[in-house]
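Visitor: Pasting a structure below so you can have a look.
What follows is calculated from the coordinates using simple rules that are stated; it is not laboratory data. Given the structure is predicted, the values throughout are model-derived calculations rather than measurements. As a convention, Cβ positions derive from the backbone with ideal geometry for all residues, glycine included, and neighbour counts pool all protein chains shown.
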Amino acid sequence: MENRRINRRRIRSLEKQVADRIAAGEVVDRPLSIVKELVENSIDAGADSITLEIKNGGKTFIRVTDNGCGIPSEDIEIAFLRHSTSKIVTDNDLSSIETLGFRGEALASIAAVTRTQMITKTPEEATGTRISIEGSAVTEKVPVGAAEGTTIIVRDLFYNTPARMKFLKKDHTESGLIIDFMCRMTLAYPGIRFRLINNGKMMFHTIGKGDVLENIYAVYGKETAENLIPFEGEEDGIRAEGYISQPTYTKSSRRNQFYFVNGRNVSDKTMEDAVSAGYGDKIFENRYPVAYVFLTVPANTVDVNVHPNKKEVRFDEPEKVRELIRRSIFERLNTREGVGRFDRESILREKPGAEPDLQAREDVAPFKRVSFADPLPEGTQEKMGVEVISLKTDKKDEKPYSGGRTQSAVSIARSSHPEGYFSPAAPKDPELRDPREEEARTMRFDLGSLTVLGVVFLTYITAYDEEYFYLIDQHAAHERVFYEQFLDAFYQQEAAPQLLMTPLIRETDLKIAASGDTGWMEFLRKSGFIIEEFGGKSVRISGIPAYMDLSEAQRFLDDYIDSVSDSTNFKDQKTLDKIILRSCKAAVKANDRLGMEEIRALLEDLSKCSNPFSCPHGRPAIIRLSKREMEKMFKRIV
């Protein structure tokens, strides 16, 4: 192998201009970097009005104008030197940063790779000052008439480092990144008037009145703003607040989630996880809510000095931050505002057949009259303007209740949990931590207080209160009830089993039997089953949970035994969820006929759930429609 020849040279210090261009690469890699640094400097200067103008995606022209405090004439040249800043003095200041900028690298880096001009004036000075710099070299510094504040004009990015130009994207891509950044800044600082001009066209402007929702409306549109609900929470000096979308309004990615820490837009996994945990199973898998989350923490409990772009942060107590956001969102979604709105536009856009389990069955007519289990109060028919028939009819086209139960699952559930699910007084496995905590029992939306009208299409329960009309999917609702009863029995370990006159015998996989692992049987015992080994690979079940009938228990056991393995972790929440979701097959189905008492019982049980608004799979269980929305649909109002 041929020896590599080493060309040894003397070590020397790089010329200032060369060193500046190299260092600038850490701060300035595209037009967005410049915009970010200049706008953040304007905010740190106390400006309440900031105008950004760009051309050609910011490659050829960027101008930022603010009405901040300005820079004294004698400090202007120093401001363009590397590591020159007014925002920190000693290394101790790094542990408590309260400004957006602090490194003292931005202006020096920008001036190193562009043609830069600054016009600035402080309130104390009679005139302003204009300074021009090209490639770190000052070419002009003269007094000029100017308004209070600072204007910085940046031209010809990378004019002196053309090799870096080829890494820039097309103009519309670069301008898109800048527009997205400015949109985020309007959320973080609603008290500032922002204007954005792109190639001479006004993109948006905000009025700076401090209303975040108004800025969301102006920047992200009416549809998004109308589907948001506010949330807030505070604990130990940490405050979380913002807006989250209703569970029925979701997106296919996290692009519509925005996170801010002390006014700084960040990308943070802790906050992302907290939002997902707050929603839990209220939304479909691979769907994401819209979220605008603003976190305020003591400056000395967060490290923003992680990366030059300052998009990453580290919290001293990330779990405390996560729990506060999760709990705040969870509590808000468990109020009436968390019920999904009726969205006529989304229904019209929906492709037929997108949800096979929601398709009309062949034995159901395309349209049925409204059906009621019991007679309505006198005059109700006339008020509603509908034709009313009784569920107690013998009409052939209405399928009778097909659950096959000697006692309905709804009534069984009520008898086994008279005080509601997740009772705090019940003993728990010390090794398991129930993720649904006390707040799940507070601020509930009491479905039992609704006035029940009846059922349409033998599937959707209809009800109303003073403000809204509700549709409740009986199958999704009972899936939720069944799921939480099962999980509750597992956590509380106090389910009273029903003894069987004839025990059930089931065979397990030989691999499981040979492993000697009985964790899977312990899971069933904690869930209300009485089970024991019965020789070889067989087990005997002599008791089943009180909230199941025999056929439900048999189906669950068969599915459970098929899915369990010798490596199953029964203390992992995701594993438990996957196993227990199988029990949902036993829930009442669409077209199962429920009497009025069963409907009321189901709604009361649903109210006791930690998440009454969706089934365990994420489908909505309840949809609401306000009087105003109905009037708009009928063109009574605009």
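Visitor: Determine ³J(HN,Hα), in whole Hz, for all residues of region 146-151 in sequence, where each value follows from phi through the Karplus function 6.51 cos²θ - 1.76 cosθ + 1.60 and θ = phi - 60°; x replaces Gly and Pro.
Guide: Computed from phi, the couplings for region 146-151 are 7, 7, 5, x, 9, 10 Hz.
Visitor: Something else: What nm value, rounded to one decimal, do you get for the distance between residue 555 and residue 144 when each label is placed 7 Å out toward the C-beta?
Guide: 7.7
Visitor: Then there's this: Please list, in chain and number order, the residues 5+ apart from residue 498 or on another chain whose amide H is under 5 Å from its amide H, with Hs placed from the backbone.
Guide: Sorted by chain and number, the residues that satisfy this are 544, 546.
Visitor: With θ taken as phi - 60° and the coefficients 6.51, -1.76 and 1.60, list the Karplus ³J(HN,Hα) couplings across region 596-603 in order, rounded to whole Hz; mark glycine and proline as x.
Guide: 4, 5, 5, 5, 4, 4, 4, 5
Visitor: Check residue 146: other-chain or 5+ apart residues with amide H under 5 Å from its amide H, H built from backbone geometry?
Guide: Amide H neighbours of residue 146: 128.
Visitor: Taking H placed 1.01 Å from N in the peptide plane, check which residues at least 5 places from residue 193 or on another chain put their amide H under 5 Å from its amide H.
Guide: Those qualifying (amide H under 5 Å, at least 5 residues apart or on another chain) are 49, 50.
Visitor: Now a separate question. Quick one: Karplus J couplings for region 256-266, per residue in order, coefficients 6.51, -1.76, 1.60, θ = phi - 60°, nearest Hz, x for Gly and Pro?
Guide: For region 256-266, the Karplus-derived couplings read 9, 10, 10, 10, 9, 10, 6, x, 9, 6, 10 Hz, x marking Gly and Pro.
Visitor: Give 36/121; 55/169; 222/632 a once-over and call out the pairs whose C-alpha atoms are over 20 Å from each other.
Guide: 36/121
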